[in-house]
Each structure stands twice: as structure tokens, then as C-alpha cells.
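Below is one structure, written out as C-alpha cells; comments come after it.
The values are calculated or read from the model by the stated rules, or taken from the named source; none is laboratory data. The structure displayed is predicted, hence computed values, not measured ones. All Cβ positions, even for glycine, are placed from backbone atoms using ideal geometry, and neighbour counts span all protein chains on display. Areas reflect the complete protein model, heavy atoms only, side chains present, ligands, DNA and RNA absent. Shrake-Rupley method; radii C 1.70, N 1.55, O 1.52, S 1.80 Å.
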Amino acid sequence: MKDHFVKFEKQGAVGHIRLNRPDVLNALHSDLIRELADVMDRFDQDEEIRVIILTGNEKAFAAGADIEELRAATPTDFMRNAFFADWGRIRQISKPIIAAVSGFALGGGCELAMCCDLIVASETAKFGQPEINLGVIPGAGGTQRLTRALGEKRALQLILTGEMLSAEEALHAGLINKVVPVDDLAAEANQLALKIAARPPLAVQLAKKAVYKANDLTLEEGLQFEQHAFYLLFATEDQTEGMDAFVEKRKATFQGK
Ligand code: CO8
């Protein structure tokens, strides 16, 4: 697979992906999203990879959908081309994805960061949904994910005005996990990725799934899902290893089996 709109490389248990349209602040052309979903699928199937890091460049994680592409679009184009199908593929990735965000994460860029499971940001990061200024609204989850993350009032403030949140504000609002100086961003994301990569991969993947069920299911259904996932993990070698290692007072080594 050749890289084009996204660059990617594997470093041990971590799959790195960089959005690569720097001239247009990584505007998310549909071809870019397709490439991104292809690479994520490939990393998801690669048994050595346990965590994925998605990043942009210092000026922009991504400044939204490619407005040039969207400008002439019609509703039937969106429907015929299943415009959001590749976003659906990204949502289905079972391994944890860490967004390392510097600069602008706007519109589809903010939505893409929110599709990731954890967000580490540099002090320069800015998050927002400015679609209202273009005569539209968010289309890749902004009204839903931002509302779940921030609550209705703060989500409405951003979506109705197009205002941006600074990294510090995003941290206080619970949208992101950590803010670091720009020079530390890559190292911080990598450190977090390695920490998760040392955990049992099947438990990590089921934990990710179970947490998202909290939004989709009733409490009773969510508790049932969690219990079944908990039972299932007792069929893994990693459960035996984890508990044996504790009792034997040694460090566990997890194989993802
Ligand atoms: N699409 C296309 N080109 C863009 C985009 C974009 N979203 N953002 C920036 N660019 C281009 C600019 O046109 C400019 O190109 P050129 O050098 O050829 O003139 C280049 O990137 C650099 O941008 P600026 O000169 O504007 O840089 P500034 O630092 O002055 O400003 C901003 C940075 C504030 C981020 C500004 O570029 C901006 O407002 N960008 C648009 C932000 C926006 O409105 N995003 C929302 C887009 S709509 C959307 O995301 C809908 C989501 C739907 C689902 C997702 C489907 C993929």
C-alpha cells in the first residue's frame, strides 16, 4: 500500500498515521478519508500492532472537510457515493486510537479527533465546529459527540457560533485527555500508546467496546454487555497470565491470546 494523503509507519506495537495535505491544513478530502480508513483497517488486522496514533502537523490536525470538494456537492452525490461510509469503517476499528492534535481541529477535523478514543493535544490546539459559517451543520458526528462530551449548552455555544475552544478549555470541558507543549506532543502520545500496548490487547479492545456501549444502551443492557465481556476474558491466556503474574509478584507479559 502506498501512502499519499496519509503517511503511515509501524513502530513495534504502535501504528503511526499522519494526515498529509499540509498545503490545505489537512482538509479532509473524501479520498483522504478512504486512505485513512484503509490504513486503519490494515493496522487493525496486523497482530503486532496494539495501538494506533493519528496525527497531523504543527499547524493543523485537520481544518475540516475539503470545502472545495463540498462546495458543488448535491444530496444525491452524498447518497450515491455513500459519502460517510469510510467514517463508519473508522468507527469500527477495534484497537485504541490516540489522536495527537496540534493546531486546528475544526469541523470534520474536530469530528475525526472525537472519533479517536483518546486525545492528546499541544498547547496550540484549537477545537471547533465552524460549519455554521458555511451555511451548514456538522455532518460527521459533531452535534452528537460534542454534545455527549460537553453537554448541550457548551456544544450549542460552539456549534451555533463557530467559536473555537483552546486546548486548555477543551481539557477543562472534558473533550481531551491531556495538554502538553508542542515539542512534547509526539513523545507524549507515544508514551501513552506504549503504556496501553503493554496491557492485554483483548481486554483493551473489549474495554473500548464496553465504554462506548454506555452511550448506546440502557444501564441494564450496558451492565449485561459488560458482564458478558468480563466472562469472555476468562477464556483468554492473558487472564491466566495477568492473575498468575500478580500472585507470583512478577510483571505480566500479555500475548493477546
Ligand atoms: N478546505 C479546503 N481548503 C482549506 C480548508 C478546508 N477546510 N481549510 C484551509 N484550507 C486552505 C486555505 O484555502 C488555504 O489555501 P491557499 O493557501 O491555497 O489559499 C490554506 O488551506 C491555508 O489556509 P488559510 O490561509 O485560511 O490559513 P489561516 O491560518 O489564515 O486560517 C483557518 C486557518 C482559520 C483554519 C482557515 O483556514 C479556515 O477557516 N478554514 C476552514 C475551516 C472550516 O470551516 N472547517 C469546516 C469545514 S466543513 C466541515 O468540516 C464539514 C464536516 C462534514 C463531515 C466531514 C466530511 C469529510
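Go through Gly88, Gly56 for me and flag whichever is free of Cβ contacts under 8 Å to residues at least 24 places away in the same chain and within 14 Å of the chain's Cα centre (by Cα).
Working: Gly56 fails: free of Cβ contacts under 8 Å to residues at least 24 places away in the same chain.
Going through Gly88, Gly56 in turn, just one is free of Cβ contacts under 8 Å to residues at least 24 places away in the same chain and within 14 Å of the chain's Cα centre (by Cα): Gly88.
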For this session: Please enumerate the residues belonging to region 89-116 that are within 12 Å of the ligand (Cβ to nearest atom), of a type outside the set (Asp, Glu) and either in contact with a helix residue (DSSP H, G or I) (Cβ under 7 Å, 6 or more places away or on another chain) or over 21 Å from Arg21 (Cα atoms) (or both).
Result: Ile90, Ala105, Leu106, Gly107, Cys110, Met114, Cys115
Exercise. What is the number of the single condition among (1) free of Cβ contacts under 8 Å to residues at least 24 places away in the same chain; (2) open to solvent by less than 80 Å² (accessible area, probe 1.4 Å); (3) assigned to a loop (DSSP other than H, G, I, E, B) that Phe254 does not meet?
Worked result: (1)
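One line per residue, one yes/no per condition, for (1) more than 19 Å from the chain's Cα centre (by Cα); (2) away from the ligand (no atom under 16 Å from the Cβ); (3) closer than 26 Å to Ile52 by Cβ; (4) not in a helix (DSSP H, G or I):
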{"position": "Pro138", "(1), (2), (3), (4)": "no, no, yes, yes"}
{"position": "Ile159", "(1), (2), (3), (4)": "yes, no, no, no"}
{"position": "Leu165", "(1), (2), (3), (4)": "no, no, yes, yes"}
{"position": "Gln227", "(1), (2), (3), (4)": "yes, yes, no, no"}
{"position": "Leu232", "(1), (2), (3), (4)": "yes, yes, yes, no"}
Seminar exercise, completed: The residue that is farthest from Phe104 (Cα to Cα), considering only those in region 2-51 that are of a type in the set (Val, Ile, Thr) and within 12 Å of the ligand (Cβ to nearest atom), is Ile33
Exercise. For Gln45, all conditions in the list (1) surrounded by fewer than 16 Cβ atoms within 10 Å (Cβ to Cβ); (2) closer than 24 Å to Thr147 by Cβ; (3) more than 16 Å from the chain's Cα centre (by Cα) hold save one; what is the number of the exception?
Worked result: (2)
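Restricting attention to region 57-81, which residues are surrounded by 10 or more Cβ atoms within 10 Å (Cβ to Cβ) and either assigned to a helix (DSSP H, G or I) or among the aliphatic types (A, V, I, L, M) (or both)?
Scanning region 57-81 gives Ala60, Ala62, Ala63, Ala65, Ile67, Glu68, Glu69, Leu70, Ala73, Asp77, Phe78.
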Exercise. Can you name every residue in region 31-77 that is closer than 22 Å to Gly141 by Cβ and among the small types (Gly, Ala, Ser)?
Worked result: Ala37, Gly56, Ala60, Ala62, Ala63, Gly64, Ala65, Ala73
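Looking only at region 117-124, decide whether some residue is over 12 Å from the mean Cα position of the chain (by Cα) and either open to solvent by 20 Å² or more (accessible area, probe 1.4 Å) or of a type in the set (Phe, Trp, Tyr) (or both). Write out each step before concluding.
Taking region 117-124 as the starting set, the residues that turn out to be over 12 Å from the mean Cα position of the chain (by Cα) are 121-124.
With either open to solvent by 20 Å² or more (accessible area, probe 1.4 Å) or of a type in the set (Phe, Trp, Tyr) (or both) added as a condition, the list becomes 123-124.
Checking region 117-124: at least one residue is over 12 Å from the mean Cα position of the chain (by Cα) and either open to solvent by 20 Å² or more (accessible area, probe 1.4 Å) or of a type in the set (Phe, Trp, Tyr) (or both).
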